[in-house]
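The values are calculated or read from the model by the stated rules, or taken from the named source; none is laboratory data. Keep in mind that this is a model prediction, so the values were computed, not measured. Note that we place each Cβ from the backbone using ideal geometry, even for glycine, and neighbour counts take in every protein chain shown. In case anyone asks, the SASA skips ligands and DNA or RNA and just uses the protein heavy atoms, side chains included. Shrake-Rupley method; radii C 1.70, N 1.55, O 1.52, S 1.80 Å.
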Amino acid sequence: MASEERIWRLISGALADELSAAEFAEMESIFINEPERRVDFENLKKLRLEASAVTSIDERRALERGLNKFDQFMEENGFMERTMFNQPLEPLPHSRFKSWMIAAALIPLFVIGAWIMHLSRKVNVNEPQSLAVGYGKRIRSTLPDGSVVWLNSGSVITYSNSESGKREINLIGEAYFDVKHDTEHPFIVHAGKLNVVVLGTAFNVKAYKGDTFIETTLIRGKVEILNEARPGSIIVLKPNEKVTINKVMNNAQKIVVSNQPVADSVANPKNEDVVKNLVPNNEITETAWVSNYLTFKREAFADLAGRLERWYNVNIIFDNNKYVARQFTGRFKDQDINEVMGALQLTGSFHYSINNNQIHIW
């Protein structure tokens, strides 16, 4: 977990538009784990960039004076220039809160964060690195050892950036890994209380914080799964097998997800066609998301709602709980949330409304 000092250094860097891609990913991973930090950041950004947060001429003048003092501090330390008000000072409609209170409370945070950023310019290259993806997005990246990872919406991985050869990943969310073979350095994924150990293989791990289950699906190779809640218990998966573990009961269920053979890829690259083979069979529900397919089978509406929230960056509210247990099966690609909700309504007989990114179901 990042220290308070580190968090404010990142927030200050983001406000100053001075974060590297790695630092931005680190900040995003913190926001995913601690949503209240994102609220702090958005409030600070709004206070700094939106004049509409201020409700009177006197308040705007007071805030401008405070921000001018902040800017003087920032300029002395070589951080950034500010553009605040580019309108005449006129009264604005009343807002939900007194902006001078926000200014009094939040301007010191700017200064503290900026000062911390100034003191923390030098970054240790051997510090753990983070890769994060927000809601509504999916990304593909290559790890330092040459392995390839896809991250699903709302997911974070943390890994070592050292040259020691250590290959350990901490995962929150869902990721598909195509691991480069290295007999001397096992590739280990830590997901909650589960540790997935491999040498060279391709597999999917789903371990969102709010979910009841953790799933591991093996596409190629061999994996061993160790459950810290059950010391000494090892689950071995064969290709096209999936294990689902209940985080509360600690019981496991293993099933076969496909009988189709899979092509080799990172484990034994031979030519340029290898890249095509990296992507798993999109007919397999558990890994179809890598090819941007939203696929689900007999999934309860409550669980599906969580997936839709991450996939489309929306907030779903059940105003009538009679539908939360209803099961749905579907497969979508490149359809927006309006099309998906319309298709679900045809079989679910529920009502819904969409207002910006909020969906009500009744």
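Out of (1) surrounded by fewer than 16 Cβ atoms within 10 Å (Cβ to Cβ); (2) more than 19 Å from the chain's Cα centre (by Cα), what's the single condition that is false for D178?
Every condition holds for D178 apart from (1).
Matching residues to (1) closer than 16 Å to E286 by Cβ; (2) surrounded by 13 or more Cβ atoms within 10 Å (Cβ to Cβ); (3) among the aromatic types (F, W, Y):
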| position | (1), (2), (3) |
| --- | --- |
| F213 | yes, yes, yes |
| I219 | yes, yes, no |
| S233 | no, no, no |
| I245 | yes, yes, no |
| Q253 | yes, no, no |
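Tally the residues that are among the small types (G, A, S) and touching a strand residue (DSSP E or B) at 6+ places or on another chain (Cβ under 8 Å), restricting the search to segment 201-220.
The total comes to 2.
Consider segment 155-179. How many of its residues are modelled with pLDDT of 90 or more and in contact with an Asp or Glu (Cβ under 6 Å, 6 or more places away or on another chain)?
Qualifying residue count for the region: 1.
Let me confirm something: among R38, R9, which residue is open to solvent by 70 Å² or more (accessible area, probe 1.4 Å), touching a helix residue (DSSP H, G or I) at 6+ places or on another chain (Cβ under 8 Å), among the basic types (K, R) and at pLDDT 75 or above?
When all the criteria are applied, what remains is R38.
State whether the residues of segment 267-280 include one that is modelled with pLDDT of 90 or more, in a helix (DSSP H, G or I), open to solvent by 30 Å² or more (accessible area, probe 1.4 Å) and not hydroxyl-bearing (S, T, Y). It would help to see each step written out before you state the result.
Filtering segment 267-280 down to residues modelled with pLDDT of 90 or more leaves none.
No - not one qualifying residue is present in segment 267-280.
Give me a count of the residues in segment 327-362 that are small (G, A, S) and crowded, with 16+ Cβ neighbours inside 10 Å. Give the derivation first.
Our first condition is that a residue be small (G, A, S); within segment 327-362, this holds for 330, 342-343, 348-349, 353.
If we keep only those that are crowded, with 16+ Cβ neighbours inside 10 Å as well, we get 348.
Qualifying residue count, segment 327-362: 1.
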